[in-house]
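First comes the structure, then the notes that go with it.
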Amino acid sequence: MAVKLKIKDREKVEKISEILKSKNSFIITSHVNIDGDAIGSEIALFIALKKIGKKVEIINQDKIPSIFKFLPYSRAIKVFRKKIEINNFEVGIVIDCGSLDRTGKIKELIKNLPFIINIDHHLTNSEFGDINWGNPSFSSSGEMIYFICKKLTKINRNQAICLYTSILYDTCCFVHHLSDYTLDVIKDLISKKIEPEKIAQKIFYEKSIKSVNLFKFALETLKFDKKICSMKITKEMFKKVHAKEEHTEGFVEFLISIKGVEVGILFKEKENGVKVSMRSKGNIDVENMAKKFGGGGHREAAGCFFENREIEEVEHLIMKELK
Ligand code: 5GP
Ligand code: MN
């Protein structure tokens, strides 16, 4: 049985699909620090557009984390370079981004394309673009892309693998943010003969030794403050174990897995500032918190970035605001 969308969403899917059918060349992109939802969504839509004979490229600011390299066509994804030439493309499709700024360096590349489509499930979306479909009730952007892909062509196994990855990742293994459609969409994806256990293993059960070593250092910084649990990763720690940002995958989720903890916060020192990742069991709205510092996300998962600030200063600012 086909999953039936609510009327407003159905209208958006129809409009966007018409545009995708009528134009010929597309750049697909997403946010900085690309994640499982964004990558799965990009590739599934890339395959759909290829199937209907379109010219299409995926370009992101950052490299794809190793854990997602098992995805079909992951090698087709391009990373930002100054000399990339996209002037002859007609449409930019921005997925999973609350604002065009979230695309990082890609913004400069695509902002002058003749037409921008914005598809996103974050609570705050600046409604940029010539057409935007934003609805925070969807579990993931992948769940929204599912309906667009389905409208364009029959969903194949490779697309199902990507879309399953998106939903699995953004719901944290179906723990939160399930929509009215999630289970029906998942049922349809599983019917395409994907192997759900293998996908889950690839994403969540293949932690590298670098990641484990980094976690050992990070655990030494663990702090409890009533129902808040926080952890820090400094540049020095990254350096000591030769780790990168992608090796912190799952750390903040660990904090929120602790009994009695309502909010988990991870502070990561980067070259040009401090990245803050927050998770909540749902009683405290971390999106609201991230928004105060120019970030965003969802009630249970949000983040923000402090340019040119020291990690202790950022920790102090966040903890003060949370109390
Ligand atoms: P993470 O902590 O895993 O990087 O992100 C959690 C959620 O918050 C994701 O939905 C992500 O898109 C969003 N997010 C993280 N950092 C930022 C930020 O700096 N700005 C905005 N607008 N959203 C963010
Ligand atoms: Mn998402």
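Hey, could you check segment 105-123 for residues that are within 16 Å of ligand 2 (Cβ to nearest atom) and part of a loop (DSSP other than H, G, I, E, B) and say which is farthest from the chain's Cα centre (by Cα)? Selected residue: Leu123. Here Ile233 qualifies as buried (at least 16 other Cβ atoms within 10 Å of the Cβ), assigned by TED's automatic domain parsing to the domain that holds Val314 and among the β-branched types (Val, Ile, Thr). In segment 85-104, the residue that is farthest from Asn132 (Cα to Cα) out of those that are assigned to a loop (DSSP other than H, G, I, E, B) and either away from ligand 1 (no atom under 11 Å from the Cβ) or not assigned by TED's automatic domain parsing to the domain that holds Leu45 (or both) is Glu85. Filtering segment 28-50 to residues that are near ligand 1 (Cβ under 10 Å from one of its atoms) and of a type in the set (Asp, Glu) leaves Asp35, Asp37. Kindly check whether there is at least one residue in segment 151-164 that is more than 14 Å from ligand 1 (Cβ to nearest atom), hydroxyl-bearing (Ser, Thr, Tyr) and in contact with a Lys or Arg (Cβ under 7 Å, 6 or more places away or on another chain). There is at least one residue in segment 151-164 that is more than 14 Å from ligand 1 (Cβ to nearest atom), hydroxyl-bearing (Ser, Thr, Tyr) and in contact with a Lys or Arg (Cβ under 7 Å, 6 or more places away or on another chain).
A quick yes/no check of all residues on (1) touching a helix residue (DSSP H, G or I) at 6+ places or on another chain (Cβ under 6 Å); (2) over 25 Å from Lys202 (Cα atoms):
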{"position": "Asn87", "(1), (2)": "no, yes"}
{"position": "Glu108", "(1), (2)": "no, yes"}
{"position": "Pro114", "(1), (2)": "no, yes"}
{"position": "Phe128", "(1), (2)": "yes, yes"}
{"position": "Pro136", "(1), (2)": "no, yes"}
{"position": "Tyr146", "(1), (2)": "yes, no"}
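Taking residues in segment 60-71 that are farther than 12 Å from Gly40 by Cα, and partners anywhere that are of a type in the set (Val, Ile, Thr) and in a loop (DSSP other than H, G, I, E, B), the pairs with Cβ atoms closer than 6 Å and at least 6 places apart or on different chains are Asn60/Ile34; Gln61/Val32; Asp62/Val32; Asp62/Ile34.
One line per residue, one yes/no per condition, for (1) away from ligand 2 (no atom under 16 Å from the Cβ); (2) of a type in the set (Gly, Ala, Ser):
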{"residue": "Val13", "(1), (2)": "yes, no"}
{"residue": "Ser17", "(1), (2)": "yes, yes"}
{"residue": "Lys23", "(1), (2)": "yes, no"}
{"residue": "Ile43", "(1), (2)": "no, no"}
{"residue": "Ile52", "(1), (2)": "yes, no"}
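Just checking, which of Ser99, Ser137 is at pLDDT 95 or above, within 16 Å of ligand 2 (Cβ to nearest atom) and exposed (fewer than 15 other Cβ atoms within 10 Å of the Cβ)? Of the residues listed, the single one that is at pLDDT 95 or above, within 16 Å of ligand 2 (Cβ to nearest atom) and exposed (fewer than 15 other Cβ atoms within 10 Å of the Cβ) is Ser137.
The values are calculated or read from the model by the stated rules, or taken from the named source; none is laboratory data. Note that the structure is predicted; figures quoted are calculated from it, not measured. Glycine gets a Cβ as well: all are built from the backbone with ideal geometry, and neighbour counts include every protein chain shown.
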